[in-house]
Amino acid sequence: MGIFGKKTVPGISAHELTEHHNRLQRELDGVFPTSFSSSKLNQQKRAALHTALGLGMDRDPNMSSTQKRGVIQREEFEAAIGGGMYSPKEVDKLRKIAEKYLKD
């Protein structure tokens, strides 16, 4: 149970998105190498991931209510990386990075 009787929701919290945002974003961005030949595609992949997860800290009115509060749940994360834009290898790396953030 969280404070004031609210049930806590596992996921990437508002605190992690604000206080540790740069570290989390750098780790996720590190999955997409910045080599010259693939930099444009990788920039697009990064931008899509940032938008889907709300890592830009902007609030889209169509985002789920949990995401507006800064909690990215496992289902939201899986939906963001499972759209077919990312290779299976990239998806595995993204899952490994996010695992420590999503379980607490």
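The values are calculated or read from the model by the stated rules, or taken from the named source; none is laboratory data. Predicted, not measured: the structure shown is a model, and the values here were computed from it. For neighbour counting, all protein chains shown are included, and Cβ atoms are generated from backbone atoms with ideal geometry for every residue, glycine included. Accessible surface areas use protein heavy atoms only, side chains included; no ligands, DNA or RNA. Shrake-Rupley method; radii C 1.70, N 1.55, O 1.52, S 1.80 Å.
Worth pointing out:
- Residue pairs whose Cβ atoms lie under 7 Å apart, separated by 6 or more positions or on different chains, with the first residue in the stretch 19-36 and free of Cβ contacts under 8 Å to residues at least 12 places away in the same chain and the second open to solvent by less than 100 Å² (accessible area, probe 1.4 Å), are Pro33/Asn42; Thr34/Asn42.
- Among the helices (runs of 4 or more DSSP H) confined to the stretch 54-104, the ones with at least 3 residues that are modelled with pLDDT of 85 or more and over 20 Å from Ala14 (Cβ atoms) are located at 88-102.
- If you go through the stretch 39-53 and keep only what is open to solvent by 70 Å² or more (accessible area, probe 1.4 Å), of a type outside the set (Lys, Arg) and either at pLDDT 85 or above or in a loop (DSSP other than H, G, I, E, B) (or both), you end up with Leu41, Gln43, Gln44.
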